[in-house]
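Reviewing the structure listed below.
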Amino acid sequence: MKILFVAPPLPIANSYAQPLGFAYMGSILRNEGFTNIRILDACSLDLSIKDTIQLACEFEPDVVGITVMTVTVNNGLKIACGLKALLPKVKIVFGGVHASVLPEDLLNNTFVDIVVRNEGEYTFLEVVQRLVSGEDLEDIKGTTLNINGEIINNPNRSRIIDLDSLPFPSRDLLPLNEYKERAQKAAAILRREELDALIVNGNEADYANTRYFSGFWPLFERCGVAVGANGDGGEGNLPIGNRPEDC
Ligand code: B12
């Protein structure tokens, strides 16, 4: 089973952030014996829609997982549409924040097979396992499907409360060199601001846990530490504690 994850390009300016969710899902899949996995970070690679589709096709995936925010949903759909036209048997799975909030919108497109809502680790694993065994996809917790025009919203899957139970993300699946330049810029910011780390940490945020993040983005230039559960950086884990007012 060949599994491809795609992060669509942003429509205007690209950024170089590691799509950590894919790396986490990659580890869970690997632990269950699925080793033929690729991540195509078209966002950080600055790829066009056409090139993304071409590179994706060259891998000849059986299943493609596409992550979408509202800002990338149109590009995600274009990629999915192009892929399905060239590889009609491929299963197209959408996930990410936009897909979690508005799954039905995506499923109005016949080339979208299934939407995974919220945390993807175990839900996507189950999708893949069922594809391998040939079982129905219809009743997987945490998914939404369009079955003959009827939207089926399966119950939520329980949240992963013990984040320490997760394996470390498979960053080796990511194009790590592509993030290097950003990393160097961020390192300069850390030195200038005398910070040890840039951390986003939280819980109960939005629809899912916010885990830790180690990408690099000028947004955080003014921000030693970002928001925790109560907007205070979280309990007992704030070595920096200098969240500026304008952050
Ligand atoms: C850290 C963060 C960033 C970082 C890193 C982003 C990155 N690509 O890694 C930085 C600061 C760079 C960033 C930038 C932006 N961000 Co941001 N970001 C977040 C934040 C706080 C956490 C995301 C995260 O890392 N979660 C942890 C990882 C492990 O989980 P995950 O990525 O969500 O993936 C899990 C699930 O979502 C799901 N999943 C995700 N994709 C897929 C795909 C498939 C197929 C499946 C099955 C499952 C699945 O499974 C994963 C594992 O459980 C969220 C808010 C939140 N609480 O989620 C906002 C958030 C996602 N960001 C948002 C936005 C708007 C942006 C920007 C567009 C802002 C801008 N105008 O530039 C840019 C886009 C940059 C980019 N290239 O992605 C919005 C999106 C809103 C929306 N409606 O779509 C959010 C929700 C914040 C908000 N409340 O407004 N962001």
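When each of Val73, Val6, Val68 is tested for being touching a residue at least 24 places away in the same chain (Cβ under 8 Å), out of contact with any strand residue (DSSP E or B) (no Cβ under 7 Å at 6 or more places or on another chain), near the ligand (Cβ under 10 Å from one of its atoms) and more than 22 Å from Gly134 (Cα to Cα), the lone residue that passes is Val73. In summary, Ala208 fulfils each of the numbered conditions (1) at pLDDT 70 or above; (2) within 22 Å of Val93 (Cα to Cα); (3) among the hydrophobic types (A, V, I, L, M, F, W, C) with the single exception of condition (1). Among the candidates Ala56, Ala80, Ala85, the residue that is out of contact with any Ser or Thr (no Cβ under 9 Å at 6 or more places or on another chain), of a type outside the set (S, T, N, Q) and away from the ligand (no atom under 15 Å from the Cβ) is uniquely Ala85. Scanning the range 173-199 for residues that are surrounded by fewer than 16 Cβ atoms within 10 Å (Cβ to Cβ) and either modelled with pLDDT of 95 or more or assigned to a loop (DSSP other than H, G, I, E, B) (or both) yields Pro175, Glu194, Asp196, Ala197.
Give me the residue from the range 30-49 that is closer than 11 Å to Met1 by Cα and of a type in the set (A, V, I, L, M, F, W, C) and, out of that set, surrounded by the most Cβ atoms within 10 Å (Cβ to Cβ).
So the residue we want is Ile37.
Would you please list the contacts, defined by Cβ atoms under 7 Å and residues six or more apart or on different chains, that run from a residue in the range 105-130 that is farther than 12 Å from Thr144 by Cβ and touching a residue at least 40 places away in the same chain (Cβ under 8 Å) to a residue that is among the acidic types (Asp, Glu) and more than 9 Å from the ligand (Cβ to nearest atom)? Taking only residues 6 or more apart or on different chains, the pairs are Leu125/Glu32.
The values are calculated or read from the model by the stated rules, or taken from the named source; none is laboratory data. Quick caveat, the model's predicted, so the values are computed rather than measured. All Cβ positions, glycine included, derive from the backbone under ideal geometry; neighbour counts span all protein chains shown.
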